[in-house]
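The values are calculated or read from the model by the stated rules, or taken from the named source; none is laboratory data. Everything quoted here is computed from the prediction, not taken from an experiment. All Cβ positions, even for glycine, are placed from backbone atoms using ideal geometry, and neighbour counts span all protein chains on display.
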Amino acid sequence: MTTMRAMATDQVGPGARLRPHTLPVKEPADGEVLIKVMAAAVNPADLGMVAGNYRWYDELRLPLVPGYDVAGVVEGGDWVAGAAVIASTGHSRTQVGGFAEYVTLPAAQVAAAPANLDWTEAATLPLAGLTAYQALELLDLAPGTTLLVNGPRGAVGRFAAELAVSRGITVLTPDRGEEPAPGSADAALDVVGGPRARAAFAAVRDGGSYVTTVPEFWVPGGQFTADRGIDPRIVRAEPDGRTLDHLARAAAAGHLTATVAKTLALTEAADAVDLLQAGGVRGKLVLVP
Ligand SMILES: NC(=O)c1ccc[n+]([C@@H]2O[C@H](COP(=O)([O-])OP(=O)(O)OC[C@H]3O[C@@H](n4cnc5c(N)ncnc54)[C@H](OP(=O)(O)O)[C@@H]3O)[C@@H](O)[C@H]2O)c1
C-alpha cells in the first residue's frame with residue numbers, strides 16, 4: 001500500500017487541531033483521477049469542518065483531512081498522465097481533503113489548469129469560483145441589470161463581481177461600512193451574512209433576486225419576507241469539471257483575478273487555519289506539500 005503525508009484531525013469541535021498523519025493513497029477506480037497535489041487553498045469551510053460546524057452528506061469519517069481546492073499533476077486514472085489540473089474535492093460529498101500529498105477524485109470534478117497561473121494561484125479558483133458561478137446562475141441576470149455584491153474583496157465576492165462584469169452586468173460593491181440604498185439594485189449576492197445580509201436584501205428592488213452563500217444567516221419566513229416578490233435563494237457549491245474548465249479559461253483570459261495572500265508549507269496547515277480564523281486575511285492562504 002502506498003502512503004502519503006496529510007494534515008488531519010482525529011476529532012472535530014473544540015480542541016481539534018490538524019496534525020501530520022500518514023494515510024493510504026487511494027488507487028483511482030474507473031472514472032477517477034489520482035492527483036499529486038502541488039497546492040491546496042484554505043477556505044472558510046475548512047475552519048467550519050475542524051470546529052465541528054459542518055454537515056457532510058454521509059457520516060463523518062475520521063481522521064478528517066480538510067481542503068476543498070487543489071491544483072496538481074495527474075499521476076494516474078482517467079486523465080492524461082502528467083497534465084496540470086485543478087479540482088474541487090467536493091468535500092461535503094466525498095470527504096476527500098486537499099491538505100494532503102495526493103487526492104483521488106472523480107474525473108468529472110477535474111479541469112485543465114490555466115497555463116498563466118502558478119500552482120498556488122490556480123488552487124484559489126475551484127470552490128470560490130464554482131460558488132460565484134453557480135450563484136450567478138441562480139440570480140439569472142440579463143446584461144444591463146445591476147447586482148450588489150456585499151463582500152467584493154473576498155474570494156467568492158470578487159470572482160462573482162468579475163464574472164458578472166464579463167456578462168455585461170453592472171456591479172455595485174459597497175465599502176465595508178457603507179449601507180447600500182434600499183431598492184438600488186436588481187439583485188444582490190450576500191457573502192457575509194448577518195446585518196450585511198439584511199442590508200443587501202433591502203437593497204434589492206421589489207421583484208428582484210437575492211442569493212446568499214451563508215445559509216446559517218438565512219431565516220425562511222423571517223427577516224427575508226416573500227411579500228416583496230423576492231425569492232431568497234441559497235447557493236450550495238457543487239463540484240463540476242465543466243464549470244471549472246470555463247473558470248480556468250476565464251482566468252487564462254484575464255477575466256478572473258487569483259489572489260494569494262500567503263503560501264505556507266502543508267505541515268503548517270494548523271497555523272493557516274488559525275490565521276484565517278483570526279481574520280483580516282486578504283486573498284487566499286495556500287498550502288504547498
Ligand atoms: N454555500 C456555499 O456553497 C459556499 C461556498 C463557498 C463559500 N461559502 C461561504 O461564503 C462566505 C464567503 O466565502 P469567501 O471564501 O469569499 O470568504 P472570504 O474570502 O473570507 O471573504 C469574506 C468577505 O466578507 C467580507 N466581510 C466579512 N465580515 C464583514 C463585515 N462584518 N462587514 C462587511 N464585510 C465583511 C470580507 O471583507 P474584507 O475583505 O473587507 O475583510 C470579505 O470580502 C463564507 O462564509 C463561506 O463559508 C459558502
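Checking each residue in region 238-250 for being more than 16 Å from the ligand (Cβ to nearest atom) and either crowded, with 16+ Cβ neighbours inside 10 Å or within 17 Å of the chain's Cα centre (by Cα) (or both) picks out GLY241, ARG242, ASP245, HIS246, ALA248, ALA250.
The criterion of being away from the ligand (no atom under 13 Å from the Cβ), in contact (Cβ under 8 Å) with a residue 60 or more places away in the chain, part of a loop (DSSP other than H, G, I, E, B) and over 20 Å from VAL288 (Cα atoms) holds for GLU27. Taking every residue in region 187-202 that is closer than 19 Å to ASP227 by Cα and outside the structural domain of ALA164 (by TED's automatic domain parsing) and pairing it with any residue that is of a type in the set (Asp, Glu) and more than 10 Å from the ligand (Cβ to nearest atom), at least 6 positions away or on another chain, yields no pair with a Cβ-Cβ distance below 6 Å. Any residue at all in region 192-205 that is within 16 Å of the ligand (Cβ to nearest atom) and within 25 Å of LEU244 (Cα to Cα)? Within region 192-205 (the criterion being within 16 Å of the ligand (Cβ to nearest atom) and within 25 Å of LEU244 (Cα to Cα)), the answer is yes, since at least one residue qualifies. If you go through region 251-280 and keep only what is closer than 27 Å to ALA115 by Cβ and not small (Gly, Ala, Ser), you end up with HIS255, LEU256, THR257, THR259, VAL260, LYS262, THR263, LEU264, LEU266.
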